[in-house]
Amino acid sequence: MKTILVIDDEENIRRLYRDELTESGYSVRTAGNAEEALALVKEERPDLVTLDIRLGNGPDGIDILRNIKEIDNTIPVIINTAYSEYKQNFGVWASEDYVVKSSDMNELKDRIAALLEGRQGS
């Protein structure tokens, strides 16, 4: 079973994503801040990460993305944010995908499936 790490400072989003992605057959871990997220990446090496850009206090998603890639640059990261303007930010180019948050999770699920299928042999 593939493991997805959801990094978002909003508890309701983490809960929703955990429920939806678990229902889709994934093992899901969640983190609400950079410290928690990076500890999980180091310890568990998830198969994929979804990452919000704006995370309350502390480092933003772009800094966390950079740190994840330093720990293990083979982990695909999907930037998943409500702010489409960040798509032009050079810092997000290290991510494998960029999805604007929506109440319809089908786009995110499709992107996750596509990225994880590409890693079957990993």
request  = Treat each spin label as a single point 7 Å out from the Cα along the C-beta direction, and report the Lys69 to Glu44 distance in nm.
outcome  = 2.3
ask   = What is the pair-distance distribution P(r) of the chain, computed from all Cα-Cα distances in 5 Å bins starting at 0, with each bin given as a whole percent?
value = 2, 12, 25, 27, 22, 10, 2, 0
Hz values of 3J(HN,Hα) by residue in segment 47-57 - Karplus curve (6.51, -1.76, 1.60), Gly and Pro given as x = 6, 7, 10, 9, 9, 7, 7, 9, 10, x, 7
ask   = So how many Lys-Lys pairs in the chain land under 14 Å Cα to Cα, not counting same-chain pairs under 8 apart?
value = 4
remark   = For 29-35, 41-47, ranked highest to lowest by mean beta-carbon neighbours within 10 Å, the order is 29-35, 41-47
request  = Would you calculate a helix-derived [θ] at 222 nm for the chain, using -39,500 (n - 2.57) for each DSSP H run of n ≥ 4 and dividing by the full residue count, to the nearest 500?
outcome  = -12000 deg cm²/dmol
task = Using the Cα centre as the reference, give the magnitude of the dipole from point charges on the C-beta atoms of segment 3-117 (Lys, Arg: +1; Asp, Glu: -1; all else neutral), rounded to the nearest 20 debye.
result = 120
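Since every read-out is calculated from the coordinates, none of them should be taken as a lab result. These figures come from a predicted structure and were not determined experimentally. As a convention, Cβ positions derive from the backbone with ideal geometry for all residues, glycine included, and neighbour counts pool all protein chains shown.
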